[in-house]
Amino acid sequence: MCIRDSINAEYGGFESDNLGAIGGLHSAFMAAVLRTMLMVLAAASPTHGDGFIAVSLGPYGGINGGATTGFLLSNQQASPSFIALDAGSLVSGALAMIQREEGLQKQCNGYKSPSWVPSGPAPDDDRALSFLVNRTEGAVVTHAHLDHTAGLVMASPNLRGKLLVGSNGTLNGIRDHLFNNVVWPDLCWPSPTTSSTRETAAWVYQSVEVADTGPLYKFKTSNIQVLAGWSVPHTEPTTAWLVGTSYSGQAVLFFGDNGPGLVTTAQWATHLHTIFTDSCGSLGSAGGRLVAIFIEVSYPSGRETSSLYGHLTPELMLSALDSACASCVNSLSLAKTHIVIIHRKPVFGSTSGFNASGAAAIEQAIASGMSASALIAAQVSGLLTNSRPSCLATDLVPNWLHLPEQ
């Protein structure tokens, strides 16, 4: 059963014209979405064993400059090497992770942080930089907007030889408008304006062709591959990436910004159908598994399509999941696929969206005994885990997550 089917079965249907979006995102609707996702995810709730580690460095799409879109992904559990999926936050995100883990240890007797989280007497800033230097191999970026790339700039003076993977259009945008010796020194390679070498550059450009079949690129240390990529509608050339161990293994589908506004809703839906059909078909035919879909919900309900600028509302997010179910039904089961909602844009003068109503629905779902392995990468910048200790405060949850292979 797909997610929308479950919602309709339990709640009698929530079509967009019935949302009654008081203050934006109706809390009952959000509760329905979250409860249903929790039920779908409950079957995949183990938190240890083989699989991915995902770390939320930043879940937001605006305003909070220290927590804009960025995630780390690794498939090595014991001593992981990570790649970043977008890089709106790197140093600030790693710093927040360390401070959050310290808070958890103080608040929860017996709570033990993962071995890969830096500890010791060094200042937090030093440990955050050490983590990025020693535990990350590079980044895969979806597009050049600052809320997805600012971390590349701020971390660059301390990095050497990190790989920066993206489409040719995205890397050209970063080269021409960020590392251009005007906005920021050119610390990348290759570039006509830099004196850096491959070894001394902060970031080494690695352009890959956006193609629906691959693999397109393989990271050597983390053993994660860019399996495929698709252009998606947005204001800037943007790519959705399928990354994972292999087509026969496990993968995640990471959308950058995407949605109607500059294209019609029908045109956007056609792009989605192609992405889900291709990714599920390739994984399904090889015996692989889609363990997670990272998808944005930038704005609350009721926003005019002409004002979305290539972003999603909750209704459009559900439409995207409908497309996933319909496109994948004959090739790949999504019954245990995690849905991670990212890129919330707080709206000035509004308390709607994923603020109060989203957090309340999550807490209510947890209190009801359901297991949450991943849902919303928001509310203080944390991913939920099903190992959430009972002593934790509402606003203090680990911002890392196991996505185990089943």
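Quick notes
- Odd one out for Val340 among (1) modelled with pLDDT of 75 or more; (2) aliphatic (A, V, I, L, M); (3) open to solvent by 40 Å² or more (accessible area, probe 1.4 Å): (3)
- Test: residue in segment 134-142 that is touching a His at 6+ places or on another chain (Cβ under 7 Å), crowded, with 23+ Cβ neighbours inside 10 Å and not hydrophobic (A, V, I, L, M, F, W, C): yes
- Ala128 being within 16 Å of the chain's Cα centre (by Cα) and assigned to a helix (DSSP H, G or I): no
- Selection of segment 231-273 for residues being farther than 28 Å from Leu146 by Cβ and in contact (Cβ under 8 Å) with a residue 60 or more places away in the chain yields Thr245, Gly249, Gln250.
- Number of residues in segment 231-254 that are assigned to a strand (DSSP E or B) and open to solvent by less than 30 Å² (accessible area, probe 1.4 Å) equals 13.
Rundown of residues vs (1) acidic (Asp, Glu); (2) open to solvent by less than 70 Å² (accessible area, probe 1.4 Å); (3) over 20 Å from Gly70 (Cα atoms); (4) assigned to a loop (DSSP other than H, G, I, E, B), yes/no style:
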position: Leu164; (1), (2), (3), (4): no, yes, no, no
position: Asp176; (1), (2), (3), (4): yes, no, yes, no
position: Asp186; (1), (2), (3), (4): yes, yes, yes, yes
position: Pro192; (1), (2), (3), (4): no, no, yes, yes
position: Ala201; (1), (2), (3), (4): no, yes, yes, yes
position: Glu209; (1), (2), (3), (4): yes, no, yes, yes
position: Pro215; (1), (2), (3), (4): no, no, yes, yes
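- Qualifying residue in segment 263-278 (condition: farther than 24 Å from Arg175 by Cα, open to solvent by less than 10 Å² (accessible area, probe 1.4 Å) and in contact with a helix residue (DSSP H, G or I) (Cβ under 6 Å, 6 or more places away or on another chain)): yes
- The residue that is least open to solvent (accessible area, probe 1.4 Å), counting only those in segment 296-325 that are over 23 Å from Glu236 (Cβ atoms) and either among the acidic types (Asp, Glu) or out of contact with any Ser or Thr (no Cβ under 9 Å at 6 or more places or on another chain) (or both), is Leu321.
- Taking residues in segment 287-302 that are closer than 16 Å to Thr313 by Cα, and partners anywhere that are surrounded by fewer than 21 Cβ atoms within 10 Å (Cβ to Cβ) and among the polar types (S, T, N, Q), the pairs with Cβ atoms closer than 7 Å and at least 6 places apart or on different chains are Pro300/Ser350.
Matching residues to (1) farther than 29 Å from Ile174 by Cβ; (2) aliphatic (A, V, I, L, M):
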| residue | (1), (2) |
| --- | --- |
| Phe82 | no, no |
| Leu95 | no, yes |
| Glu101 | yes, no |
| Asn109 | yes, no |
| Ser113 | yes, no |
| Asp124 | no, no |
| Leu132 | no, yes |
| Arg135 | no, no |
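- Segment 47-92 - residue that is among the small types (Gly, Ala, Ser) and open to solvent by 30 Å² or more (accessible area, probe 1.4 Å) and, of those, modelled with the highest pLDDT: Ser92
- Matching residues in segment 143-162 - criterion: being assigned to a helix (DSSP H, G or I) and open to solvent by 10 Å² or more (accessible area, probe 1.4 Å): Leu146, Asp147, Ala150, Val153, Met154, Pro157, Asn158
- Whichever residue in segment 217-230 is touching a residue at least 60 places away in the same chain (Cβ under 8 Å) and either assigned to a loop (DSSP other than H, G, I, E, B) or under 16 Å from Gly169 (Cα atoms) (or both) and, among such residues, is most open to solvent (accessible area, probe 1.4 Å): Lys220
- Any chance Asn109 is open to solvent by 50 Å² or more (accessible area, probe 1.4 Å), out of contact with any helix residue (DSSP H, G or I) (no Cβ under 7 Å at 6 or more places or on another chain), in contact (Cβ under 8 Å) with a residue 60 or more places away in the chain and in a loop (DSSP other than H, G, I, E, B): yes
- Single match in Leu332, Leu283, Leu290 (criterion: closer than 21 Å to Ala228 by Cα, in a loop (DSSP other than H, G, I, E, B), in contact with a strand residue (DSSP E or B) (Cβ under 8 Å, 6 or more places away or on another chain) and modelled with pLDDT of 90 or more): Leu332
- Those residues of segment 81-106 which are in contact (Cβ under 8 Å) with a residue 40 or more places away in the chain, under 18 Å from Leu159 (Cβ atoms) and not polar (S, T, N, Q), in sequence order: Phe82, Ile83, Ala84, Leu85, Asp86, Ala87, Gly88, Leu90, Val91, Gly93, Met97
The values are calculated or read from the model by the stated rules, or taken from the named source; none is laboratory data. Worth saying up front: this structure is predicted, and the values here are computed from it rather than measured. Every residue, glycine as well, gets a Cβ built from its backbone with ideal geometry; the counts of neighbours run over all protein chains shown. Areas reflect the complete protein model, heavy atoms only, side chains present, ligands, DNA and RNA absent. Shrake-Rupley method; radii C 1.70, N 1.55, O 1.52, S 1.80 Å.
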